Amino acid sequence: MTDNRIVYKIGMVGPSRVGKTSLITALLRDGQRLLEGSPVSMRAIGTPTQRRLAQHRRDLDGALLAGEFDPGALGGSQEQFTFQLLLDPSVPGAGIELQLLDYPGGWLDPVNRPADREAQWEECERFLEQASVLVVPIDAAVLMEATATSHLRSVPTILAIPQVTDVVRLWLKRRNERPDEPALLLLCPVKCESYFADNGGRRDLSATLLQWVGKVYQQVFEAVPNEAREVRGIRTVYAPVDTIGCVEIVRAEWLPDPDEESALSFHAHYGVRPPGVQSIKGTEDVMVALCRQLVGARYKVEQRTAERKQDDAAAARSFAERDEGFFRNIWYLITGERQLRQDAARTRAEEAVQAVERVKALTAIVEDLAQRPHSERVHQW
């Protein structure tokens with residue numbers, strides 16, 4: 001907890017160039033618009049997060065102006081970095097801080113992980129184990145453009161399926177240690193613009209994408225009931241996202257991987273649809289899933305806090321008014337002890353009222369967010 005904030009850690013697990021940073025940027029950039037009309041807003045905390053988002057936005061805007069989008073040109077993460085956001089319901093002391101960890105996807109594979117990065121990777125593992133939400137970004141193009149047997153053989157390596165599955169399993173085991181806490185596993189195909197017809201695309205291959213995700217990530221889905229036996233409120237949500245929106249895949253290349261014998265690497269080239277204005281879609285589904293989880297959990301915490309403060313206030317009031325006998329009562333009156341007790345009781349009462357108000361505000365937010373339906377893109381297991 002930071003001051004009066006509760007911190008929620010959101011882990012992300014995926015290989016290099018899968019689009020972790022782009023997904024975070026799309027989520028944050030579209031967050032304010034998606035939350036319009038509600039008492040909730042989302043904003044970056046601190047200069048490092050603001051600087052990182054601004055740089056990514058400049059790179060993306062430049063690519064769109066150039067008329068050709070190359071995901072590799074945006075640059076992948078070279079170091080671990082924690083994005084810090086505040087989900088703010090406009091109630092003092094009721095903010096929820098979201099910490100989203102990004103890191104070089106190559107660290108997932110112990111074969112490719114640099115020896116001098118072992119300590120940093122252990123920090124990432126600890127973060128992922130503690131996260132109440134785990135997001136699995138999936139490069140939709142890798143699945144959808146695999147048209148040959150050699151392509152399909154390379155998909156598990158490119159998407160690091162074994163390593164991702166291991167991280168998910170470990171996360172689920174750690175969730176068993178907190179069975180009363182809600183948990184959310186989000187599978188988010190990214191760069192989906194070429195496979196949906198609801199955001200400027202020319203074809204609808206959404207059902208095919210869902211089938212491929214279900215097949216390729218089958219072990220991940222099976223791990224949820226097998227590993228999280230003690231968790232009462234775990235949800236698994238499939239939520240595809242158009243992270244750019246105004247691009248269309250024009251060419252997919254499968255080239256020999258210089259780092260792994262007999263394997264192929266994948267390179268997608270995208271054209272920009274006129275007028276070249278970013279049109280994110282699917283972020284609302286991610287936001288709704290996150291807000292239902294996070295704000296709902298915060299409400300439970302605030303409710304317990306309110307009950308505790310009400311108990312404290314009642315105890316302080318009883319202590320302030322307690323009859324200590326004639327002579328002791330006179331002494332407390334002369335020395336000011338009675339006044340001190342009464343002042344303390346009023347302070348406890350004010351804190352209790354503020355806590356109750358936060359509960360009321362958060363209850364309203366939970367109800368508002370709960371009424372927002374997911375789009376037809378979403379599938380829940």
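All of the numbers you see were taken from the coordinates with simple rules; none came from a lab. No experiment lies behind these values; they were computed from the predicted model shown. A quick note on method: Cβ atoms are made from the backbone with ideal geometry, for glycine too, and the neighbour counts reach across all protein chains shown.
Here are some notes:
- Counting beta carbons within 10 Å around each of Leu86, Leu152, Leu290 and listing the fewest first gives the order Leu152, Leu86, Leu290.
- Residues Thr21, Thr47 in ascending order of nearby Cβ atoms (within 10 Å, fewest first): Thr47, Thr21.
- For the stretch 114-212, averaging the sequence separation of C-alpha pairs within contact (under 8 Å, six or more residues apart) and dividing by the residue count gives a relative contact order of 36 percent.
- Ordering of 213-225, 124-136 by packing [mean C-beta count within 10 Å, highest first]: 124-136, 213-225
- Relative contact order of the stretch 58-194, pairs being alpha-carbon contacts under 8 Å that are 6 or more residues apart, as %: 22 percent
- Residues Lys9, Lys281, Lys20, Lys173 arranged by fewest to most Cβ contacts within 10 Å: Lys173, Lys9, Lys281, Lys20
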